[in-house]
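Structure, as structure tokens:
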Amino acid sequence: MGASGWRTIDQRQVDLFAEATDDHQWIHVDRDRAAEGPFGTTVAHGFLTLSLLSALTAEVLEVSGVAQAVNHRVDRVRFRAPVPVGSRLRASVRLLSVRPRPRGFTEAVVSVAIELEDGRVACTAEQTTLYADEGAADGAR
């Protein structure tokens, strides 16, 4: 389907994610220690990279005529390469399937590869989203 725009991962974003998730591992938040560590710098949390899936996918996949979209599942997640702070990444999205679901929902499954600008793939996953038509959204309340 295409690729999203490039997004830079900065240290502030990593630090805020560490605060939100209580994951303060030194490879993410201690610049001095990380400089001597395996990656030579701080790196984004894998789950931070994964959490960008919806926003990056939305840049590629536009669905009109629906009342709402609900993240339903994320499957086959693989963290394949570290994301050093300061690097840029994007999502390449491929549509795998679309099918009707009960009560006015449609299910779409996409395969997403979050790529670093240097060509490595940082993360892959399959994301399932449920789209509700107006009647389904009213009934879900």
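The values are calculated or read from the model by the stated rules, or taken from the named source; none is laboratory data. Just so we're clear, the structure is a prediction, and the values are computed from it rather than from any experiment. In this analysis, Cβ positions are derived from the backbone assuming ideal geometry, glycine residues included, and neighbour counts consider all displayed protein chains. Keep in mind that these areas ignore ligands, DNA and RNA; they rest on the heavy atoms of the full protein, side chains included. Shrake-Rupley method; radii C 1.70, N 1.55, O 1.52, S 1.80 Å.
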Taking R0 as 22 Å, what's the FRET efficiency between N71 and A3 from their Cβ-Cβ distance, rounded to 0.05? 0.60
Ranked highest first by average number of other Cβ atoms within 10 Å, how do 88-99, 30-41, 1-12 line up? 88-99, 1-12, 30-41
State, in angstrom, two size descriptors of the chain derived from its alpha carbons: Rg to one decimal place and Dmax to the nearest whole number. 17.3, 56
How far apart, in nanometres, would the label points at R101 and A55 be if each is projected 7 angstrom from Cα along the Cα-to-Cβ direction? 2.4
Along the charge dipole of segment 19-141, which of L96, G86, T49 sits closest to the positive end, that is, farthest toward it, with unit charges on the beta carbon of Lys, Arg, Asp and Glu (+1, +1, -1, -1)? L96
Using alpha-carbon coordinates, inclination of helix 11-21 to the longest axis of the chain, degrees: 60
For segment 71-123, run through the GluC sites (Glu not before Pro) and keep only the ones in DSSP coil with at most 15 other Cβ atoms within 10 Å of their Cβ. E117
Let me have the 222 nm mean residue ellipticity of the chain computed from DSSP H runs of 4+ only, each contributing -39500 (n - 2.57), with the sum over all residues rounded to the nearest 500. -7000 deg cm²/dmol
At 1.4 Å probe radius, can you tell me the per residue accessible area of the chain in Å²? 57
Please compute the length gained on full extension between T21 and F39, using 0.36 nm multiplied by the number of residues separating them and subtracting their Cα-Cα distance. 4.3 nm
